[in-house]
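Only one structure is covered here, and it is reproduced in the block below.
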Number of protein chains: 2
Amino acid sequence: MANAQPTKLKILDAAEELFAENGFSETSTRQITKKAEVNLASVNYHFGSKNELIQAVIERYLEVLVPNISKELTDLENNNPNPTLEEVFSVFIRPILSLNQQRKNGTSILLQLLGRSYTDSQRHMRRFFLGNYGDVVTRFVALVYQAQPGLSASEIFWRLHFTLGTVVFTMASSGALMDIARADFDEDIAIEGVVKRLIPFIAAGVSAPR
Amino acid sequence: MANAQPTKLKILDAAEELFAENGFSETSTRQITKKAEVNLASVNYHFGSKNELIQAVIERYLEVLVPNISKELTDLENNNPNPTLEEVFSVFIRPILSLNQQRKNGTSILLQLLGRSYTDSQRHMRRFFLGNYGDVVTRFVALVYQAQPGLSASEIFWRLHFTLGTVVFTMASSGALMDIARADFDEDIAIEGVVKRLIPFIAAGVSAPR
DNA sequence: GTAGATTTTAAACACCTGTTTTAAACTGGT
DNA sequence: ACCAGTTTAAAACAGGTGTTTAAAATCTAC
């Protein structure tokens with residue numbers, strides 16, 4: 001069995017960048033293989049099809065992200081008997097920002113991918129996500145309820161989906177938004193700055209009076 | 001000049017439905033003309049190109065929506081010297097809901113289109129929007145600032161974009177969300193119910209302490 | 001060094017894309 | 001009834017798509 005990593009990795013790296021920048025169907029296998037400097041046929045050889053490549057690109061991120069979020073949830077569950085909503089939402093901060101350490105612009109790329117895949121096919125994506133990472137979702141919802149016990153299950157459902165929309169949409173266009181903020185307000189913030197502005201917004205929204 | 005409306009209208013109706021359902025680049029002119037039961041060449045004859053058709057589909061909505069929002073803003077400006085944030089955001093309620101009267105699922109279609117066009121090409125869409133409807137945006141932002149004078153321009157910018165994400169994402173998937181709510185919580189709410197839950201959420205987010 | 005499996009390569013495949021062309025069919029006004 | 005002007009129609013265009021093929025190159029282990 002020869003070393004199969006180099007080309008496979010080169011394809012994943014090139015594909016994720018093009019997917020995030022231009023979208024899935026706007027990116028052709030020829031663009032990917034050209035950028036990766038590999039042969040056209042190698043996408044189908046290594047991944048089977050373009051669709052399986054898309055899935056592989058997303059899964060490569062989730063495989064490292066979700067366990068990290070799970071660890072943060074465990075920490076909170078064990079060490080903080082009464083976390084605030086902001087503390088609950090903050091479980092995402094470290095895992096998301098640490099993506100930037102293992103891959104340049106990892107945060108922004110992942111969230112653009114998530115945004116694209118979610119608007120491209122919410123149904124498929126939702127099923128995949130709940131199927132593979134359902135327990136993390138459950139534990140997170142339980143913490144939200146604990147921090148805001150006045151909320152009914154249905155209110156939590158709605159407000160967390162509002163939150164999902166806020167995050168996915170914001171992060172998917174975070175690059176453009178940061179550019180505008182730089183131009184219009186002389187405000188040179190990185191992705192951390194966006195996240196730090198986002199958390200109070202969604203915490204206030206989720207805990208809004210009814 | 002002969003009556004050019006029928007085919008042009010049939011194309012717009014078919015296109016907007018396919019665009020909202022499957023996305024712009026996933027929808028081909030052949031799908032559109034087949035659904036509209038017109039000749040393939042008529043898209044290019046009547047609109048010039050597929051891109052101009054996309055623009056025409058979106059503009060048809062905005063042309064009726066934005067003037068209605070503008071009227072609501074005028075009402076608020078004239079009759080309510082100190083509106084709350086919730087009252088400011090409520091200027092969207094009537095215009096958006098009235099879309100459902102002139103076109104079945106009009107609300108959901110428009111917001112799916114907005115969501116798609118915004119994530120597909122934020123830059124182009126933003127420029128178009130500000131170029132054509134910039135004064136409505138300005139007046140709305142002024143009312144937000146008046147209701148929440150503590151916020152800086154940059155904070156308003158960020159929080160209104162968070163809000164945009166919440167609204168677009170929620171409305172784009174409102175159909176699926178209402179289905180889930182019905183199945184999981186025996187909660188049969190219509191689009192008005194979603195809007196009424198949305199407003200307190202975004203009002204609380206925009207007025208969050210910093 | 002050679003045999004066997006794995007990977008890379010160039011070429012072709014079958015199909016779909018947006019758009020253009022050219023001729024035919026309509027239209028309303030005189 | 002005829003004649004612009006406008007709209008429709010079928011066909012073709014040039015180029016791009018994901019995928020497959022079959023041969024060449026490379027690698028691994030004996």
Those residues of the stretch B:32-55 which are within 15 Å of DNA strand D (Cβ to nearest atom) and either open to solvent by less than 30 Å² (accessible area, probe 1.4 Å) or within 14 Å of chain A (Cβ to nearest Cβ) (or both) amount to B:32, B:33, B:36, B:38, B:42, B:43, B:47, B:50, B:53
Of the residues in the stretch A:6-27 that are of a type in the set (Gly, Ala, Ser) and out of contact with any Leu (no Cβ under 9 Å at 6 or more places or on another chain), the one that is farthest from DNA strand D (Cβ to nearest atom) is A:14
The condition from (1) open to solvent by less than 30 Å² (accessible area, probe 1.4 Å); (2) over 15 Å from the mean Cα position of the chain (by Cα) that residue B:113 misses is numbered (2)
Restricted to the stretch A:14-48 and to residues being among the aromatic types (Phe, Trp, Tyr) and over 24 Å from residue B:117 (Cα atoms), the residue nearest to DNA strand C (Cβ to nearest atom) is A:45
Restricted to the stretch A:135-159 and to residues being more than 25 Å from residue A:68 (Cβ to Cβ) and away from every other protein chain (no Cβ under 12 Å), the residue farthest from the chain's Cα centre (by Cα) is A:150
The one condition residue A:14 fails out of (1) part of a helix (DSSP H, G or I); (2) open to solvent by 40 Å² or more (accessible area, probe 1.4 Å); (3) outside the structural domain of residue A:166 (by TED's automatic domain parsing) is (2)
Notebook entry, point to check: Does residue A:189 satisfy the condition of being closer than 28 Å to residue A:23 by Cα, open to solvent by less than 40 Å² (accessible area, probe 1.4 Å) and either of a type in the set (Asp, Glu) or not in a helix (DSSP H, G or I) (or both)?
Noted result: yes
Exactly one of A:112, A:148 is assigned by TED's automatic domain parsing to the domain that holds residue A:165, in contact with a Ser or Thr (Cβ under 9 Å, 6 or more places away or on another chain) and over 30 Å from residue B:21 (Cα atoms), and that one is A:148
Take the conditions touching a residue at least 40 places away in the same chain (Cβ under 8 Å), of a type in the set (A, V, I, L, M) and either more than 10 Å from every other protein chain (Cβ to nearest Cβ) or open to solvent by less than 10 Å² (accessible area, probe 1.4 Å) (or both) and apply them to residue A:194. Does it pass? no
When residue B:130 is run through (1) closer than 22 Å to residue B:196 by Cα; (2) within 14 Å of chain A (Cβ to nearest Cβ), the failure sits at (1)
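Table: residues versus (1) closer than 19 Å to residue B:116 by Cα; (2) polar (S, T, N, Q); (3) touching a residue at least 60 places away in the same chain (Cβ under 8 Å); (4) open to solvent by 40 Å² or more (accessible area, probe 1.4 Å).
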residue: B:138; (1), (2), (3), (4): no, yes, no, yes
residue: B:146; (1), (2), (3), (4): no, yes, yes, yes
residue: B:159; (1), (2), (3), (4): no, no, no, no
residue: B:169; (1), (2), (3), (4): yes, no, no, no
Considering residues that are more than 25 Å from residue B:61 (Cβ to Cβ) and either at pLDDT 95 or above or small (Gly, Ala, Ser) (or both), the number found within the stretch B:85-95 is 0
Exception for residue B:177 within (1) assigned to a helix (DSSP H, G or I); (2) more than 7 Å from chain A (Cβ to nearest Cβ) falls at (2)
Just one listed residue, out of A:142, A:147, A:208, is out of contact with any helix residue (DSSP H, G or I) (no Cβ under 8 Å at 6 or more places or on another chain) and under 15 Å from residue A:89 (Cβ atoms), and it is A:142
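The values are calculated or read from the model by the stated rules, or taken from the named source; none is laboratory data. What you see is a predicted model; the values in this text were computed from it and never measured. When we count neighbours, we look across all protein chains shown, and the Cβ atoms used for this are built from the backbone with ideal geometry, even at glycine. For the accessible areas, the whole protein counts, side chains as well, though only heavy atoms, and no ligand, DNA or RNA atoms are used. Shrake-Rupley method; radii C 1.70, N 1.55, O 1.52, S 1.80 Å.
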